[in-house]
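Below: the structure, in structure tokens.
The values are calculated or read from the model by the stated rules, or taken from the named source; none is laboratory data. Worth saying up front: this structure is predicted, and the values here are computed from it rather than measured. Every residue, glycine as well, gets a Cβ built from its backbone with ideal geometry; the counts of neighbours run over all protein chains shown. Note: accessible area is taken over every heavy atom of the protein model, side chains too, but ligands, DNA and RNA are not part of it. Shrake-Rupley method; radii C 1.70, N 1.55, O 1.52, S 1.80 Å.
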Amino acid sequence: EIEFNPDEIRRDFPILDDDIIYLDNAATTFSPETVVEALVEFEHHYRANVGRGVHRLTQIATQRYWHAHEKVARFIGGGEGITVFTKNTTEAINMVAQGLSWRPGDRVVTTILEHHSNLLPWRALAKHGVEIDLIGIDADYALDLNALEEVLSGGSVRLVAVTHASNVLGVTTPVPEIARLCREHGALLLVDAAQSLPHMPVDVSSLDCDFLCFSGHKIFGPTGTGVLWMREALIEPPVLGGGMVASVTSDGYVPAEGYLRYEAGTPNIGGGIALGAAVDYLSAIGMDRIHRHEERLTARLIEGLSATEGVRVYAGKRPDARIGVVSFIIDGVHPQEAAQMLDEEADIMVRSGHHCCQPLMDYLGLPEGTVRASLAAFTTEQEIDLLIAAVDEISRGR
Ligand code: PMP
């Protein structure tokens, strides 16, 4: 195997020439040149709508847009299901919440780890009489599967919605085990893979989920791209109109097959095609290699920050169940201020605040949030060491 060299990857990202240390990849990351080129090629050479047109440009655009869906489906081992392009993870989750038909008394189980985007769409179902249960975590931030089993045993759970990886703590969740419990009790399983997809190999058949949601812009694709994968046509299309029908009569319509049914209106064509280029790029590197690289850097980061006086680390404790996302607090320094100092004094960009996870922050007793560093394939050991040194300096000067 060729040794993993982030410096080679860095050459594909022109934005990194600007001498910045970008450790906010969990919010959104950059696109390599091949992805930008795919966008530009669409604009320069074949920009046309997709669908039933016959002229040459629409044929090229339609074919490439369809092919991008195939590439993304293959990337997640989801060729058998339906791969729908969305705007982002948030839209994908909302489509499922709005596309299932709910009955009063139905329950949805979600967890304390969730991003607001995997909580609010379910809470909004209260208007249909749907009730929500929130599963907690233990001192090692592992999900309380006994509590999950207990709720499932109640019998009215329609769906379990769980994150594959926390965007605050970096811990991963045991999705195959959760899936087994869901199958036993007849519940559907939705996995928010917004944070796992960028960092590790993800395969829907081994996860055994019914829905997988993720963001294209977090896996080197353009902003405004995301994906909803589902095992089969399990939901009604929540948005109706052109492009999603096979035929329309005076009083009804027959929906189109496959992803078309769920992509009403003109989609983000260039973005979708460029997302296909992004998964090509990731596949060429290999997600397992990216995962091992980040695993090593994450251990180094956690170790370095933990050894720094006045710093508290909030991150996954098991190396085999975490990704490159690490939260921390510098005692006596507001997370916002710490992030600003890292930017101004060390050219390091990190996130600060509640990371759209306020229930988790309340649970952790961190109302002001945390500072969060999140890695990518192009992150280097040197950058990790510079972050640790800069945090140490801020901590000493507080
Ligand atoms: N879920 C998780 C776990 C996330 O980290 C994010 C992005 N921070 C989202 C959902 C929402 O993603 P998007 O903003 O692309 O919809």
Subset of the stretch 361-381 (residues that are touching a helix residue (DSSP H, G or I) at 6+ places or on another chain (Cβ under 7 Å) and within 26 Å of ARG292 (Cα to Cα)):
THR370, VAL371, ALA373, LEU375, ALA377, PHE378, THR379, THR380, GLU381
Those residues that are within 14 Å of the ligand (Cβ to nearest atom) and assigned to a loop (DSSP other than H, G, I, E, B), I need them from the stretch 184-199; list them, please.
ALA193, ALA194, GLN195, SER196, LEU197, PRO198, HIS199
Which residues, taken from the stretch 122-145, are surrounded by fewer than 21 Cβ atoms within 10 Å (Cβ to Cβ) and not in a loop (DSSP other than H, G, I, E, B)?
ARG123, ALA124, LEU125, ALA126, LYS127, HIS128, GLU131, ILE132, ASP133, LEU134, ILE137, LEU145
Test for LEU301: is it in contact with a strand residue (DSSP E or B) (Cβ under 9 Å, 6 or more places away or on another chain), under 12 Å from LEU23 (Cβ atoms), in contact (Cβ under 8 Å) with a residue 24 or more places away in the chain and open to solvent by 70 Å² or more (accessible area, probe 1.4 Å):
no
Residue ranges of helices (runs of 4 or more DSSP H) in the stretch 1-96 with at least 1 members away from the ligand (no atom under 16 Å from the Cβ), closer than 18 Å to ALA264 by Cα and not aliphatic (A, V, I, L, M):
56-75
Identify the residue in the stretch 322-336 that is surrounded by fewer than 16 Cβ atoms within 10 Å (Cβ to Cβ) and free of Cβ contacts under 8 Å to residues at least 40 places away in the same chain and, among all such residues, is farthest from the chain's Cα centre (by Cα).
HIS334
Give the residue that is nearest to the ligand (Cβ to nearest atom), with candidates limited to residues of the stretch 174-183 that are under 22 Å from ILE137 (Cβ atoms) and open to solvent by 10 Å² or more (accessible area, probe 1.4 Å).
PRO174
In the list VAL239, VAL254, VAL248, VAL202, which residue meets the criterion of being open to solvent by 10 Å² or more (accessible area, probe 1.4 Å), outside any strand (DSSP E or B) and over 30 Å from PHE378 (Cβ atoms)?
VAL239
Within the stretch 161-173, tally of residues that are assigned to a strand (DSSP E or B), within 11 Å of the ligand (Cβ to nearest atom) and of a type in the set (A, V, I, L, M):
3
What tally of residues in the stretch 75-108 results from selecting those that are open to solvent by 50 Å² or more (accessible area, probe 1.4 Å) and either within 11 Å of TYR259 (Cβ to Cβ) or more than 17 Å from the chain's Cα centre (by Cα) (or both)?
7
Specify which of the listed residues (ALA194, ALA233, ALA179, ALA161) is in contact (Cβ under 8 Å) with a residue 60 or more places away in the chain and farther than 30 Å from LEU23 by Cβ.
ALA233
Taking the residues in the stretch 97-108 that are in contact (Cβ under 8 Å) with a residue 60 or more places away in the chain and either part of a loop (DSSP other than H, G, I, E, B) or near the ligand (Cβ under 10 Å from one of its atoms) (or both) as candidates, determine which candidate is farthest from PRO359 (Cα to Cα).
SER101
Which residue is least open to solvent (accessible area, probe 1.4 Å), if the candidates are limited to the stretch 205-236 and must be in a loop (DSSP other than H, G, I, E, B) and within 10 Å of the ligand (Cβ to nearest atom)?
THR225
Before we move on, is THR308 open to solvent by less than 40 Å² (accessible area, probe 1.4 Å) and under 19 Å from the mean Cα position of the chain (by Cα)?
no
Mind checking which residues of the stretch 109-129 are of a type outside the set (Gly, Ala, Ser), within 16 Å of the ligand (Cβ to nearest atom) and touching a strand residue (DSSP E or B) at 6+ places or on another chain (Cβ under 9 Å)?
THR110, THR111, ILE112, LEU113, GLU114, HIS115, ASN118, LEU119, PRO121, TRP122, ARG123
With the requirement that a residue be of a type outside the set (A, V, I, L, M, F, W, C) and free of Cβ contacts under 8 Å to residues at least 60 places away in the same chain, what does the stretch 117-150 give you?
PRO121, ARG123, LYS127, HIS128, GLY129, GLU131, ASP133, ASP138, ASP144, ASN146, GLU149, GLU150
Given the conditions (1) on the phi > 0 side of the Ramachandran plot; (2) in contact with a Gly (Cβ under 8 Å, 6 or more places away or on another chain), every one holds for GLY286 apart from (2)
For LEU23, are the conditions met, namely being open to solvent by less than 10 Å² (accessible area, probe 1.4 Å) and farther than 19 Å from ALA277 by Cβ?
yes
